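To keep things clear, I will list the structure first and then write my remarks on it.
Read-outs throughout are calculated quantities, based only on the coordinates presented, and are distinct from any laboratory measurement. All figures in this text were calculated on a predicted structure; none of them were measured in a lab. Neighbour counts are summed over all protein chains in view; Cβ atoms, including those assigned to glycine, are modelled from backbone coordinates with ideal geometry.
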Amino acid sequence: MSRRYWRQLAIAGLVVAAGGGVWAVAPTASADEAPRITQLAGVTEGATLSGTARIEARTSGTVDRVEFSLSGASTATWTEREAPYYFLGNNGALVPGWNAAAAPDGAYALAVRAVGPGGTTQQTVRFTVGQQAGAPTPTPTTGGNASAANPSVSNGVATFTANKTIGKLSVPDSWSEIVIGAGVTLRGNFFIPANRTKALTITGRDKQTSQLTGDGPHAKDFARAGVTTEAKIKLTLRNYTSINPRFYHMWAKSAQVIMSGMRYIDNRDVGSNNSDGFSGGDNSLIENTFIDTWDDSAKLYTGDLTIRDTTIVHNRNGAPIQMAWGDYGQGTAILDGLTVISNSSNGYNQGVFSWAGGTKADTRTIKIVGAGFTRKVNPGMVAAPLYAFKDGVKNKTIRVEGGDCSVVRSTSANTFQGANTSGNKVVVTGCR
């Protein structure tokens, strides 16, 4: 995999101001290795922003990543793992930037941190978001009645500025990005046609209040997943909350899905709604995400999946990482900061890593980066099995590479073998 693959998204949000701030370089960094932020290009300290800002953190030394963290009238974080380090990213020479006209007015502070093997450097800058005197008032970004087109579409970006029932919305090929405004709830789902060939981004202005929710009862219909597609595209989902979809929160058969800064929540009846979380194509990524749903949280069906800095709540129904429900699929899960929290007081129907169907010989691999896998148990709850092979499953191998031996080793206490199972095993290598 190229470095470009690893520079994926965190939580999208607002802009950064340039200049000023406090520098903090770790004392262990050498003069050559220590990362430095040499310039924050785009706006100045104390600026008032009202248009599109394209912000770049320019650095020197050895830099692994640049992290942006915003506080104020709205909050957001963003991580760039490859230069140029643009806030909200870039696609080659195309730098979409951030439209301040759609942000809540107010004062903001943004911390920009460069991280490398030689230490860290941080600058904090302060700025204001507000309309210039005499400028037209933008369409509100909160729920209610929109006074203009909803969504408004400009240069391929469709922005929803008020609550709306969208039903099964077939995304037009002319749309390159869908924006859910702060305080906006959309009822329905985004259906991306299978013949689409160009990338699509769906983003929220505020992780908590930009929401996509189901528009009816459970329906076992892939076309009714919160976001669904059979297209072989790059699909980026970031910085919004998905609540109680009619089927999966998102389902993609072939798309490379880059999911960052998301919240997947199910708060309906316990266990009968098949509200699976994530299914994406090869080389997909889940990063800086929270999943609390009532079925499988992440499917390891269609290729490699990286999970980084993410928390999954393990409820009674479903598996945080599901290998397969039969004799199909392939892939390796790379865990680089996954926390799984057991959250049932009366048992579980699957383990953290589960195989739920099939009898042909097959293997799935779990690679743990450093101490990248952690388990917790909520107060008053019982710990879930770590590994589970459901009834009738045969000849399956879960291979685990790395991690903490005391956590990942298979024992009679943490490994469940269902009725009529045989030939199943867990192989752990390289743990510490």
Practice problem: Go through K164/K207; K299/K425; K168/K390; K220/K253; K234/K394; K299/K376 and tell me which ones have a Cα-Cα distance over 27 Å in this structure. | Solution: K168/K390; K234/K394
Self-check item: Under 13 Å, Cβ to Cβ, from E230 - net charge with Lys/Arg +1 and Asp/Glu -1
Solution: +3
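Taking the Cβ of A182 as the centre, find all other residues whose Cβ is under 15 Å away and add up their charges (Lys, Arg: +1; Asp, Glu: -1).
Neighbour charge sum, excluding A182 itself: +3.
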Quiz item: Hey, any idea what Rg/Rh is for region 201-328, computing Rh the Kirkwood way over Cα pairs?
Solution: 0.92
Self-check item: Length-normalised contact order for region 351-421 - Cα pairs under 8 Å, 6+ apart - percent
Solution: 45 percent
Quiz item: How many percent of the alpha carbon pairs in region 281-415 exceed a separation of 17 Å?
Solution: 55 percent
Quiz item: Rounded to two decimals, what ratio of Rg to Rh does region 365-432 give with C-alpha atoms and a Kirkwood Rh?
Solution: 1.00
Quiz item: How big, on average over all directions, is the shadow cast by the Cα convex hull of region 277-317, in nm²?
Solution: 2.6 nm²
Exercise. Kindly provide log₁₀ I(q)/I(0) values, in the same order as q = 0.16, 0.26, 0.29 Å⁻¹, from the Debye equation applied to equal alpha-carbon scatterers of region 309-369.
Key: -0.57, -1.12, -1.21
Quiz item: Local charge sum around V340 (other residues, Cβ-Cβ under 12 Å, Lys/Arg +1, Asp/Glu -1)?
Solution: +1
Quiz item: So if R0 is 22 Å, what FRET efficiency would T332 and K232 give, r being the distance between their Cβ atoms, rounded to the nearest 0.05?
Solution: 0.65
Practice problem: Scale the Cα Rg of region 191-267 by the rule-of-thumb value 2.2 N^0.38 Å and send over the ratio, two decimals. | Solution: 1.05
